[in-house]
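**Student:** This is the structure I want to talk about, given as structure tokens.
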């Protein structure tokens, strides 16, 4: 009996062969299809929907149809993670399950600074000096000052025995000058570096000319780990499967290489002239990329080394000079990583006497409070809700996603805009925040976040009362886009987690809302969310004396800063070492602050009139 079967995915025309007994999700991963799988294949999220056409599989079993509506079951929908392939078969990947042209934040900022990269190129010139630091020939590096660079014996032999001209590439990433490349020619301006934001969901990069600091190209892709789960804990769990660590490491490396190759082709640039790589990512992503066991990150108050992880490009099989160094911004704790450190460096809050708060809500949420004298941090698992994950009609910020909503407080009439001005497929994070703030302001929600039956737009659904934003006849999926009772419970929990985390830091350091002078908002949350609605719903307190500063992609900005300036690398390392981390999992104040934040808007002290 042939143990290999053929699976076809429409309308993508993907055809693959896979072992009989595999799940449809296994086949989707093998086909490298960007696909919704928030829980990573545990059957909990109900997002990995496919439509069975014909063939042999378990599409109509109770586990295959769990989390689906009666209407979806009638239309041959099934869950990819719980449908097993028993023979040749074909499926449709419906529009709501595809990850199509996501809106990825690329904009960045970085403080003006003297260009002082860790990697430089120097011409070699014959010298009349009798001192011979490189061996048998008297050689000097034009414009070079400092101690003699370290080099291997083969490098030394090449220099002393082969006619030039040569260009020598020297890196100081390890704290001393080291030769990482010798090339024939005299083009010192062909020296490039890569800055990478290795996010849980997306990977964004910039190609930079290290000779002048100019950004030559940028690119972004979805992290290929995405089908293994949306949340960090799910990724850690995936590592425990046979070959899981290697699979997720390869997915991260391939994602970065895809970004590098796109940028190199755009200029074009020979990837061997890429001599420095700086990566900012959360602790879990950096551990997965570098092949470290992330299991320790499941432990509360786990001791995490607060030093940068430095490897060669060849160790990670990156598209670059194989001897180039890859510098990963230092982590602080199990869930506050180099991405948050990059946020801080770019904000400048660590250099200011003013009290500042930094908030970065992505798939994971990081909060940092402090100034030049002290920094304290916490993390909360709240970001997915505000990225559309875990919400019945939620989706990523991509074409067809409702991105902004307004609700008439008298009639409950809903107005909205979508990304790309397309027919709505679902609602993304910024739209969700607008919607729930509007629902609260219109009396559709009570102060506990419960939907009030009898209010305009509220009807009885399969899981209790729900508010219809867009009726099915006006959507791209043929299904209503609504906010349900379970959605509101999840959103209230998420908003209380964020506000509670902020409250813990404020309580520990006896800070009032009037003391904070600057609030830095990083990532898509800061770029796209309406801050008035963020406060109205109670996600963050009303800091009435503060200026709000969206800083764009702070992780990418931090990686860019570290790429261009050794000074910024030292700052990042200093920030990581001095930052206090408060683990909310075991902190006694968190339950109190969370409980006070589970109402709209929240604790009176944090939301003064």
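**Student:** Note down all Cβ pairs under 6 Å where the first residue falls in the range 594-609 and is on the phi > 0 side of the Ramachandran plot, the second is assigned to a loop (DSSP other than H, G, I, E, B), and they're at least six residues apart or on different chains.
**Tutor:** 602/538
**Student:** Right, next: So which helices (runs of 4 or more DSSP H) are wholly in the range 497-593 and hold at least 1 residues that are in contact with a helix residue (DSSP H, G or I) (Cβ under 6 Å, 6 or more places away or on another chain), farther than 30 Å from residue 308 by Cβ and outside the structural domain of residue 202 (by TED's automatic domain parsing)? Working first, answer last.
**Tutor:** Working: elements: 523-528, 531-537, 554-564, 566-578.
Of the helices (runs of 4 or more DSSP H) lying wholly inside the range 497-593, those with at least 1 residues that are in contact with a helix residue (DSSP H, G or I) (Cβ under 6 Å, 6 or more places away or on another chain), farther than 30 Å from residue 308 by Cβ and outside the structural domain of residue 202 (by TED's automatic domain parsing) span 523-528, 531-537.
**Student:** Among the residues that make up the range 444-457, is at least one of them in a loop (DSSP other than H, G, I, E, B), on the phi < 0 side of the Ramachandran plot, outside the structural domain of residue 68 (by TED's automatic domain parsing) and buried (at least 21 other Cβ atoms within 10 Å of the Cβ)?
**Tutor:** yes
**Student:** Could you say whether any residue in the range 319-330 is touching a residue at least 24 places away in the same chain (Cβ under 8 Å), under 22 Å from the mean Cα position of the chain (by Cα) and at positive phi?
**Tutor:** Looking through the range 319-330, none of the residues is touching a residue at least 24 places away in the same chain (Cβ under 8 Å), under 22 Å from the mean Cα position of the chain (by Cα) and at positive phi.
**Student:** Among the candidates 472, 507, single out the residue that is at pLDDT 95 or above and surrounded by fewer than 24 Cβ atoms within 10 Å (Cβ to Cβ). Lay out the reasoning, then the answer.
**Tutor:** Details: 472 fails: at pLDDT 95 or above.
Exactly one of 472, 507 is at pLDDT 95 or above and surrounded by fewer than 24 Cβ atoms within 10 Å (Cβ to Cβ), namely 507.
The values are calculated or read from the model by the stated rules, or taken from the named source; none is laboratory data. If you're wondering where the values come from, they're calculated on a predicted model, not measured in any experiment. Virtual Cβ from ideal backbone geometry, glycine too; neighbours counted across all protein chains shown.
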